[in-house]
Structure formats: structure tokens, C-alpha cells
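Here is the structure we will look at.
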Amino acid sequence: MIITEFSRDLLMTGAIFGVAAFAWAGWAQERPPQHWIWRFILAALSLCGAALAGITVPAVIRNWTQQTAIEFGGPAFAWYVTVFWLEVIAIIGLVFLASRRKRGDLIAPLVLAVVGIHFIPLSWAFMQPIFFVAGVAATAVAVFAALVPDTAAARSFWCGLLGGGTLLVIGAVCASAGFEALG
């Protein structure tokens, strides 16, 4: 499920997913369920995401000269840039439409769905099957969050708790594989 040929990419995935988990857990604080334990869980998720980023960023910097799946100017790099810009345009468009239709409650699930979907083609660009798993899982969480009633908690809570948690776990697995590959 994880290809360890590109250890730098795995470490960078840990860093990016750690930051993403931190951000999603923060967004989940918008309106979690009433009990204090949920705020504690979200704070712990945020701290774990920050810790993952804090551990992996220095390792990425130290190992920047290691081989990467997306060499500048190559087809994988072009695919990465294309997917990134399509993601940005899709998010802006969907946020605009949701806001215009007074459905701000759907912004977090829509953003998470686009983020999830973008991992699927990136699994090819980075030659990393676990990105496909991350994409399917994040998209499934987004669909769940869009469909669950938002009376007890905001939809962003579910995106942050489940989506951020998923990204944290996958990021930690990738970082661990990256460190192991480095020896």
C-alpha cells in the first residue's frame, strides 16, 4: 500500500497531512457537540497534527536531495500542478455557490470532498497507492458530513474529527515509512 522508493515524498506527506489535520481540527471547533470532551478531542487532534508536522518538516529539509516522484518539468509534475489548480478552482466555485445559495453549512464537506477527490489522481503522480485510500476515505467522510443532520454539531465538526483524523493517521503511516526507508 506504501511504496518506499521516494522517502522524501513520504516525509513531506506526513508534514502536509499533519498540517491538514491541525487545520481541519481547528475548523471542527466551529460548533462541536455540547460536551467538553469533544473540544478536548479536537484539541488533541490539533496537537497531534502539529506534532507530526513538527517532526517531519526538519526531516524533509535534511533529506531534500533525496529522489522524488515528481521531478520538476516531468509529466508527474505537470499532472500535479494541473490537479492542484483544478482543486483550487473547484473549491472557489463550490464555496461561491454554497454561499450564494445560503448553504454555508455545506462548505466544509464540499472542500473536504474536493480535497479527497484530488488525492485519487495524485496517487498516480506520486506513485503512492495510499493516496487513493486517503482520497476515498476523505470523500466518504465529506458525503457523510453533508448528509448527517447538523442539529447537534456543525458539519465541519464531522469533517474535522473524521477527515482530520484520517489524514493524521495516513500522514503518520507515511512518515513512519519514510523514516524507516531512510534507515
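The values are calculated or read from the model by the stated rules, or taken from the named source; none is laboratory data. In this text, all values refer to a predicted model and were calculated from it rather than measured experimentally. We place every Cβ from the backbone using ideal geometry, glycine too, and count neighbours over all the protein chains shown. Areas reflect the complete protein model, heavy atoms only, side chains present, ligands, DNA and RNA absent. Shrake-Rupley method; radii C 1.70, N 1.55, O 1.52, S 1.80 Å.
Which whole number in µm²/s is D for the stretch 1-110 by Stokes-Einstein, with the Kirkwood Rh taken over Cα pairs at 37 °C and 0.692 mPa s?
Rounded to a whole number, D works out at 199 µm²/s.
Quick one: with all protein chains in place, what share of the accessible area of the stretch 44-173 is carbon or sulfur, to the nearest percent (1.4 Å probe)?
Carbon plus sulfur share of accessible area: 77 percent.
In the neighborhood of S7, defined by Cβ-to-Cβ distances under 15 Å, what is the net charge if each Lys or Arg adds +1 and each Asp or Glu adds -1?
-1
Quote the relative contact order of the stretch 1-102 in percent (integer), defining contacts as alpha-carbon pairs under 8 Å separated by 6+ residues.
34
For the charge dipole of the chain, defined by +1 on Lys and Arg C-beta atoms and -1 on Asp and Glu C-beta atoms about the Cα centroid, which residue among L162, A177, L122 has the Cα displaced farthest towards the positive pole?
L162
Sort 43-49, 92-98 by packing, meaning the average of other beta carbons within 10 Å per residue, with the highest value first.
For the peptides 43-49, 92-98, the packing ranking is 43-49, 92-98.
What ranking, highest mean first, results for peptides 102-109, 9-16, 135-142, 81-88 when packing means the other Cβ atoms within 10 Å averaged over each residue?
9-16, 135-142, 102-109, 81-88
Explain nothing, just the number: dipole magnitude of the stretch 68-162 about its Cα centre with +1 on each Lys and Arg Cβ and -1 on each Asp and Glu Cβ, in debye rounded to the nearest 20.
With only Lys, Arg, Asp and Glu charged at Cβ, the dipole is about 380 debye.
Rounded, prolate or oblate for the stretch 26-183? Axes are the square roots of the Cα gyration tensor eigenvalues, ordered a ≥ b ≥ c, and the cut-off for rounded is a/c under 1.5.
Judged from the Cα gyration tensor, the stretch 26-183 comes out oblate (a/c at least 1.5, b/c at or above a/b).
How big is the gap, in Å, between the Cα center of the stretch 1-15 and the Cα center of the stretch 105-147?
Taking the Cα centre of the stretch 105-147 as reference, the centre of the stretch 1-15 is 18 Å away.
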